[in-house]
Amino acid sequence: MISTWSEWKRYPKPGRGENIEAPITPGLFEVRIAATGALHSFEAVENVAVALAQLSVGSKSWFGRRETASSPDLEYRTCATSSKADAKAAAERMIGRRETYMSGAA
């Protein structure tokens with residue numbers, strides 16, 4: 001079973017003491033560049049919170065040390081599911097819909 005998507009939230013930058021707010025369950029996450037809305041990352045995972053915390057932005061992970069100016073401002077949203085299989089199935093449906101939309105728009 002799939003729940004609904006969360007609201008878009010600002011992805012925390014290192015050194016600011018901000019936290020990622022995400023379920024510790026299987027699900028989906030989507031990360032986009034805030035200024036343009038361009039897709040940065042999208043994945044079905046076993047633990048959404050851990051996956052977002054380990055997301056690589058630039059050359060290092062979120063926990064790595066780097067200049068904050070070198071990474072783009074990102075936003076993320078999450079969607080919890082009851083299992084990773086449900087998350088993968090939902091991701092495949094979403095990808096199929098996007099491909100259908102883009103082929104019709106081209």
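Quick look at the values:
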quantity: Cut-off 17 Å, label 7 Å out along Cα→Cβ of residue 84, residues of region 35-54 by amide N; calculated: 42-54
quantity: Rounded FRET efficiency, nearest 0.05, which uses the C-beta distance separating residue 103 from residue 4 and R0 of 30 Å; calculated: 0.65
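Read-outs: derived from the displayed coordinates by stated rules, not from any lab. Predicted, not measured: the structure shown is a model, and the values here were computed from it. With ideal geometry, Cβ positions are generated from the backbone for all residues, glycine too; neighbour counts draw on all protein chains shown.
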